[in-house]
Amino acid sequence: MIEAVQVSKDFGHPPTRVLSGIDLKIENGDFVSIHGRSGSGKSTLLYILSTLDHPTQGEVSFDGQKVKEMSVRDLDHLRNTQIGFIFQFHYLLPELTALENILLPPRKTGQQEKFRGRALELISQFGLKGHEHKFPGQLSGGQQQRVAITRALIMNPKYLFADEPTGNLDYQNGLMVLEILKEVNATQGATVVLVTHERDFSSMAKREVLLKDGFVV
Ligand SMILES: Nc1ncnc2c1ncn2[C@@H]1O[C@H](COP(=O)(O)OP(=O)(O)O)[C@@H](O)[C@H]1O
Ligand SMILES: [Mg+2]
């Protein structure tokens with residue numbers, strides 16, 4: 001379970017409050033969408049929940065372990081093996097093929113050969129068969145995002161965070177991304193936390209959290 005207790009976040013000098021005392025519990029296996037207007041603090045909250053950023057006040061814990069009390073090593077381990085992240089822009093490396101991009105996370109620990117089979121399975125599951133040796137520039141936007149999702153899933157993460165993963169896609173490709181997230185949640189039991197400002201996609205989650213001016217409404 002991910003738990004945020006009284007999480008607040010300030011930016012700048014003088015400080016501007018972006019998140020105000022957020023309490024949120026996300027059970028393992030849940031599929032939560034965080035929605036709200038642009039500037040309401042969705043990305044900030046997602047980055048804090050996913051350990052990529054730290055709250056100014058309050059704390060986040062994973063299965064009862066407080067992030068701020070974890071050692072650098074434990075935190076690295078959590079990020080590398082249990083957390084997958086998908087962004088609005090895919091951040092694929094242009095000089096690597098789709099398959100090489102997907103195998104970047106296991107490559108960090110010299111395990112790319114071990115994960116090759118799983119990569120090819122996911123590639124075929126997400127409709128990318130035949131594209132594995134293409135470079136990102138040779139793929140459509142929807143295909144690029146599915147490569148990025150495959151990369152996020154390669155280590156079989158327990159938690160998957162997605163920040164506006166459909167923001168750059170047309171409706172059909174956006175729907176495909178949502179279907180993949182639902183499937184990963186249903187079949188692999190991954191906990192999914194999705195940020196979106198699109199109501200159609202937000203309502204596909206099991207639970208919706210509305211953010212307004214830094215508060216959960
Ligand atoms: N690194 C930062 N430095 C200063 N202000 C920031 C930073 N990140 C976000 N903000 C501000 O915090 C507010 C919330 O941003 P964000 O979480 O990105 O909202 P959303 O994702 O809902 O559009 C915005 O006013 C934004 O300008
Ligand atoms: Mg955002």
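Report, by residue number, each residue of the stretch 197-217 that is buried (at least 16 other Cβ atoms within 10 Å of the Cβ) and either more than 16 Å from ligand 1 (Cβ to nearest atom) or small (Gly, Ala, Ser) (or both).
Hits for the stretch 197-217 are Ser202, Met204, Ala205, Gly214.
Here are Leu153, Leu194, Leu181: which of them is within 16 Å of ligand 1 (Cβ to nearest atom), crowded, with 21+ Cβ neighbours inside 10 Å and within 12 Å of the chain's Cα centre (by Cα)?
Answer to the check: Leu194.
Inside the stretch 61-98, can you point out the residues that are within 16 Å of ligand 1 (Cβ to nearest atom), aromatic (Phe, Trp, Tyr) and crowded, with 16+ Cβ neighbours inside 10 Å?
Once the filter is applied, which keeps residues that are within 16 Å of ligand 1 (Cβ to nearest atom), aromatic (Phe, Trp, Tyr) and crowded, with 16+ Cβ neighbours inside 10 Å, the stretch 61-98 yields Phe85, Phe87.
Within the group Lys25, Lys68, Lys9, which residue is within 16 Å of ligand 2 (Cβ to nearest atom), outside any loop (DSSP other than H, G, I, E, B) and more than 19 Å from Thr196 (Cβ to Cβ)?
Step by step, each of Lys25, Lys68, Lys9 is checked, and only Lys9 is within 16 Å of ligand 2 (Cβ to nearest atom), outside any loop (DSSP other than H, G, I, E, B) and more than 19 Å from Thr196 (Cβ to Cβ).
Kindly indicate the residue of the stretch 31-43 that is farther than 13 Å from Phe161 by Cβ and not small (Gly, Ala, Ser) and also farthest from ligand 1 (Cβ to nearest atom) among those meeting that condition.
Taking the candidates together, the pick is His35.
Could you tell me whether Ile48 is under 29 Å from Gln143 (Cβ atoms) and touching a Leu at 6+ places or on another chain (Cβ under 9 Å)?
no
Please go through (1) of a type in the set (S, T, N, Q); (2) modelled with pLDDT of 95 or more; (3) closer than 30 Å to Asp63 by Cα for Thr97 and return the number of the only condition it doesn't satisfy.
Of the numbered conditions (1) of a type in the set (S, T, N, Q); (2) modelled with pLDDT of 95 or more; (3) closer than 30 Å to Asp63 by Cα, the odd one out for Thr97 is (3).
When the stretch 12-22 is examined, which residues are found to be more than 6 Å from ligand 1 (Cβ to nearest atom) and in a loop (DSSP other than H, G, I, E, B)?
Step one: list which residues in the stretch 12-22 are more than 6 Å from ligand 1 (Cβ to nearest atom), which gives 13-17, 19-22.
The answer is His13, Pro14, Pro15.
Given the criterion without any contact (Cβ under 8 Å) to a residue 24 or more places away in the chain and touching a helix residue (DSSP H, G or I) at 6+ places or on another chain (Cβ under 9 Å), identify the matching residue among Glu179, Glu183. Give the steps one after another, and end with the answer.
On the way: Glu179 fails: touching a helix residue (DSSP H, G or I) at 6+ places or on another chain (Cβ under 9 Å).
None of the other options fit; the residue is Glu183.
Among the residues of the stretch 28-53 satisfying the criterion of being in contact with a helix residue (DSSP H, G or I) (Cβ under 6 Å, 6 or more places away or on another chain) and assigned to a loop (DSSP other than H, G, I, E, B), which is farthest from ligand 2 (Cβ to nearest atom)? Outline the logic, then answer.
Pass one, the stretch 28-53, residues in contact with a helix residue (DSSP H, G or I) (Cβ under 6 Å, 6 or more places away or on another chain): 31, 33-36, 51, 53.
Remaining after also requiring assigned to a loop (DSSP other than H, G, I, E, B): 36, 51, 53.
Working: Gly36: 9, Thr51: 17, Asp53: 12 Å.
Top of the filtered list is Thr51.
Applying the selection to the stretch 110-126, what residues are more than 15 Å from Thr81 (Cβ to Cβ) and in contact (Cβ under 8 Å) with a residue 40 or more places away in the chain?
Across the stretch 110-126, the qualifying residue is only Phe126.
The values are calculated or read from the model by the stated rules, or taken from the named source; none is laboratory data. Note that the structure is a prediction, hence the values are computed from the model and not measured. Virtual Cβ from ideal backbone geometry, glycine too; neighbours counted across all protein chains shown.
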